[in-house]
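Here, each number is a calculation from the coordinates, and none is a lab measurement. As the structure is a prediction and not an experimental result, all values here were calculated from the model. Here the Cβ positions follow ideal geometry from the backbone for every residue, glycine too, while neighbour counts run over all protein chains shown.
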Amino acid sequence: MTWPKLPLADVLEFREGPGILAADFHDSGIPLVRLAGLKRGRDLLEGCNFLDPAKVEARWSQFRLREGDVLLSTSASLGEVAVVGESAVGAVPYTGLIAFRPKNYNVVHPGFIPLMLRERAFRDQIEAMGVGSVMKHFGPSHLRVMSVTVPPLREQRAIAEVLGALDDKIAANTTLIAAAEELAIAKLHWPDAPRTHLGNVVFHRRSQVNPAQLSESTVAHYSLPAFDQGAVPETVDPGLIKSGKFVVDTPAVLVSKLNPQTPRIWRVEFDPSTTRLASTEFLVLEPFTCTPQVLWAILNQPDFSRYLQGLVAGTTGSHQRVRPADVLGTSILDPREIPSPLHDELNAILRPVDALKAENRTLAATRDTLLPQLMSGKLRVRDAAQAVS
């Protein structure tokens with residue numbers, strides 16, 4: 001059975017957030033939701049600015065979010081989807097974010113909207129509509145000519161319940177991950193601890209791929225979008241293999257070199273069954289004096305983050321980046337001076353985090369595999385529920 005596709009504008013209300021000037025930003029007030037909050041698994045208010053409540057009431061009250069609204073990003077990272085929870089009720093979405101609600105609750109179940117917007121057929125429309133040579137974007141005018149899959153309401157509820165169980169588990173894992181990582185970072189906050197240069201405790205890998213040794217089925221690619229979404233693609237385009245990216249074949253820490261706001265830091269566990277390629281967006285740091293978990297906690301200290309932001313702020317051009325030599329010359333807490341019991345404690349905190357992140361990737365892959373089959377009517381909800389269980 002194939003479910004019908006209907007014009008999006010016939011079944012969903014949608015409104016793009018207003019264009020608000022930086023002069024209207026404040027240190028407190030009504031949250032202004034930004035793209036960072038839509039990244040998969042993050043707090044919706046992450047990276048938000050704040051607006052004066054009186055000005056919101058006078059000028060932007062019609063944009064304020066309700067619980068259950070679904071947000072879609074339409075600029076830069078196209079197609080990010082997030083559901084508004086209790087913490088973001090009353091917030092205002094920034095321009096480039098569009099809020100969706102059902103036009104008729106007897107036609108569209110609110111919990112089904114995120115699945116509509118994540119469906120491959122809809123995302124293909126997004127990619128086709130995206131305009132701009134440097135930063136892709138689309139808007140309400142494009143949405144008015146798009147279509148979405150609309151099963152019967154009973155099927156929508158059932159599909160949302162089954163796949164929502166996966167999202168609930170991902171969200172629970174993400175909460176545990178954030179708490180553990182915050183704890184690990186806090187335990188290492190010693191401003192006066194002995195220090196060394198980062199280059200004294202890591203290898204900066206430069207080995208490159210021999211395309212003849214790789215096949216598409218055994219390669220995964222580390223890229224900024226993949227990490228921002230909390231997942232790593234299982235395979236890569238053959239063209240990436242031939243391009244000769246850096247190999248990651250041991251546990252390591254990746255530092256993004258290319259980010260005009262904050263270069264970010266990821267901890268990587270190596271799976272020997274799969275060759276990992278790191279694009280030139282990253283520095284690949286392999287510690288030889290501590291574990292990747294401990295190095296990650298060191299590099300997430302506030303002083304290192306501020307230093308990286310300063311490096312980026314000092315560069316020019318449309319593609320700001322930090323130089324490896326500058327990063328490797330950074331003064332960091334010396335891992336060799338950290339007591340062994342604390343090393344063990346940090347590893348005990350963070351190694352389970354890596355397992356939870358791996359589980360989240362599996363859960364997300366399961367959801368993304370089931371979604372197109374359920375949306376096409378080729379898979380019955382009962383069978384999908386058995387797969388999820």
Once the Cβ-Cβ distance between Ala58 and Asp303 is put in as r, and R0 is 45 Å, what FRET efficiency do you end up with, to the nearest 0.05? 0.60
Would you mind checking which residues have amide H under 5 Å from Phe50's amide H? H placed 1.01 Å from N; only 5 or more apart, or other chain. His26, Leu32
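Using mean Cβ contacts within 10 Å as the protection proxy, how do 178-186, 22-30 order, highest first?
178-186, 22-30
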So which chymotrypsin sites (Phe, Trp or Tyr not before Pro) in the stretch 68-131 pass both tests, a DSSP loop state and at most 14 other Cβ atoms within 10 Å of the Cβ? Tyr105
The residues Met116, Met129, sorted from fewest to most surrounding Cβ atoms within 10 Å, come out as Met129, Met116
Counting only residues 5 or more places away or on other chains, whose amide H sits under 5 Å from the amide H of Thr330 once H atoms are built in the peptide plane? Leu198, Gly199
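Starting with the highest mean, order 9-19, 290-300, 367-377 by the number of other Cβ atoms within 10 Å, averaged over the residues of each peptide. Intermediate values should be presented prior to the final figure.
On the way: 9-19: 16.5, 290-300: 23.4, 367-377: 18.0.
Highest mean packing first, the order is 290-300, 367-377, 9-19.
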Extension gain, Gln386 back to Ala179 (0.36 nm per residue minus Cα-Cα distance, nm): 71.4 nm
Obtain the nm distance between the two label points defined at Leu21 and Ala172 by a simple spin-label model: each point lies 7 Å from its Cα along the Cα-to-C-beta direction. 4.9 nm
